[in-house]
2 protein chains.
Amino acid sequence: MLTLVIYDITDDELRGRVAGFLKSKGLKRIQKSAFIGELADGDRASVEAGLRLLVRNSDRVNIQVFPLTPASYNRRSVIGVEYRYDDEGYLL
Amino acid sequence: MLTLVIYDITDDELRGRVAGFLKSKGLKRIQKSAFIGELADGDRASVEAGLRLLVRNSDRVNIQVFPLTPASYNRRSVIGVEYRYDDEGYLL
């Protein structure tokens, strides 16, 4: 299932760890705080479990995980430029 | 159609204008840089046109607009706290 993960994390270091974790699961960064990718149902559960573990001691975190249909992705509109990011989420 | 808008905008003032515009279109903020809401097809086109107009002179903007099925929204997972924001996107 195509999966979109968007997050709102105040702490820079934690945000970087979350990004690194999502990347390690094969998701692709599409914005500074958004990743997308194909995940099997079991993998989605393990990604969610991993995220909960990563942020368990933080009170300023909101992460939302959306299962997407292929049509949702294919019909998305992109306005503006395509950014590229380094591993810390800074613009290249 | 349920519509998710996520954005990555470097400029604070422009980001605030985009947020205000999305709010004026009846979308609801779910993260600092993410809004969601129901839009008729024509309204979605006019939201996209309005966004393009707002950011037309900026080269550091990426906005992505996803049409979502109700199932995508109902099956989303939320990890962490629910934030509340003021009109400038700062945490309350």
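The values are calculated or read from the model by the stated rules, or taken from the named source; none is laboratory data. Please read all numbers here as calculations on a predicted model, not as lab measurements. All Cβ positions, glycine included, derive from the backbone under ideal geometry; neighbour counts span all protein chains shown. These accessible areas exclude ligands, DNA and RNA; they are computed on the full protein's heavy atoms, side chains included. Shrake-Rupley method; radii C 1.70, N 1.55, O 1.52, S 1.80 Å.
Observations, loosely collected:
- Condition met for B:Val5 (in a helix (DSSP H, G or I), touching a strand residue (DSSP E or B) at 6+ places or on another chain (Cβ under 8 Å), on the phi < 0 side of the Ramachandran plot and of a type in the set (Val, Ile, Thr)): no
- In this structure, B:Leu51 qualifies as within 18 Å of A:Tyr83 (Cα to Cα), facing another protein chain (nearest Cβ under 7 Å) and not charged (D, E, K, R).
- Looking across B:Gly20, B:Gly26, B:Gly50, one residue alone is in a loop (DSSP other than H, G, I, E, B) and farther than 15 Å from A:Gln31 by Cα. It is B:Gly26.
- Sole residue being touching a residue at least 12 places away in the same chain (Cβ under 8 Å), over 27 Å from B:Leu2 (Cα atoms) and open to solvent by 10 Å² or more (accessible area, probe 1.4 Å), chosen from A:Ser24, A:Ser58: A:Ser58
- Hits in the range B:61-92 - residues which are modelled with pLDDT of 90 or more and open to solvent by less than 50 Å² (accessible area, probe 1.4 Å): B:Val61, B:Asn62, B:Ile63, B:Gln64, B:Val65, B:Phe66, B:Pro67, B:Leu68, B:Thr69, B:Ser72, B:Ser77, B:Ile79
- Residue within the range B:30-37 that is at the interface with chain A (Cβ under 10 Å from one of its Cβ atoms), on the phi > 0 side of the Ramachandran plot, surrounded by 17 or more Cβ atoms within 10 Å (Cβ to Cβ) and not β-branched (Val, Ile, Thr) present: no
- Conditions (1) assigned to a helix (DSSP H, G or I); (2) over 17 Å from A:Tyr7 (Cβ atoms); (3) not hydrophobic (A, V, I, L, M, F, W, C); number of the one not met by B:Arg15: (2)
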